1. Roughly what angle does helix 82-91 make with the longest principal axis of the chain, taking Cα atoms, 0 to 90 degrees, to the nearest 10?
2. Once every DSSP H run of n ≥ 4 in the chain is given -39500 (n - 2.57) and the sum is divided by its residues, what mean residue ellipticity at 222 nm do you get, rounded to the nearest 500 deg cm²/dmol?
3. Which of rounded, prolate, oblate describes the range 64-140, given a ≥ b ≥ c as roots of the alpha-carbon gyration tensor eigenvalues and a/c under 1.5 marking rounded, otherwise prolate only if a/b is larger than b/c?
4. How high is the FRET efficiency from residue 104 to residue 81, r the C-beta distance, R0 25 Å, rounded to 0.05?
5. Does the chain classify as rounded, prolate or oblate by the C-alpha gyration tensor (a ≥ b ≥ c root eigenvalues; a/c under 1.5 gives rounded; else a/b over b/c gives prolate, otherwise oblate)?
6. Measure nothing fancy, just the Cα-based angle from helix 13-26's long axis to the longest principal axis of the chain, in degrees from 0 to 90, nearest 10.
7. For helix 46-57, what angle does its Cα long axis make with the longest principal axis of the chain, in degrees from 0 to 90 and rounded to 10?
8. Evaluate the relative contact order of the chain (contact order divided by residue number), counting alpha-carbon pairs under 8 angstrom at least 6 apart; express in whole percent.
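Every read-out reported here was derived from the displayed coordinates using simple, explicitly stated rules and does not represent laboratory data. This structure is a prediction, so every number in the text was calculated from the model and none was measured. Cβ sites come from the backbone with ideal geometry, for glycine too, and all protein chains shown count toward neighbours.
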């Protein structure tokens, strides 16, 4: 079956039949979406939008989007989502209180200086022996300084007794 029939950007056979029927009964105009030209059902009124902008610049100028949204609901009785506030503010020229920070880099712990100072234990639960066998856990003891595997053991469950 060609890609455009399977959903790779085209329409299904059934949808093509519906489009053909619509075209035959109503012409090219029948192929346009029914909501074309209408305003969205979830659109914020221009009055509410303007009030949010005013309050954002005046009474709640230092507030972040989340706190500002909470105050709109609590004090002003204006119920809009934080995402709506986040969309309105930049459109009206109000920048966010702070820019999002990049994730911090976490420095790795240095390895121990000598062999035997620290042994790391970890377990890896998996179906090691295929689907026909129950899963089990491979417990491994690894030396921190050299990264050598000191011991390997298959057990039923990962636990400290293993």
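1. 60 degrees
2. Numbers: 5 runs with 50 residues, N = 162.
Computed mean residue ellipticity for the chain: -9000 deg cm²/dmol.
3. Numbers: a/c = 4.39, a/b = 2.19, b/c = 2.00.
It is prolate, given that a/c is not under 1.5 and a/b is the larger ratio.
4. Values: r = 29 Å, r/R0 = 1.16.
So, using R0 = 25 Å, E works out to roughly 0.30.
5. Values: a/c = 3.72, a/b = 1.48, b/c = 2.51.
Verdict is oblate for the chain.
6. 10 degrees
7. Taking the Cα atoms of the chain, the angle to 46-57 is about 50 degrees.
8. Numbers: 151 pairs, mean separation 17.4, N = 162.
In percent, rounded to a whole number, it is 11.
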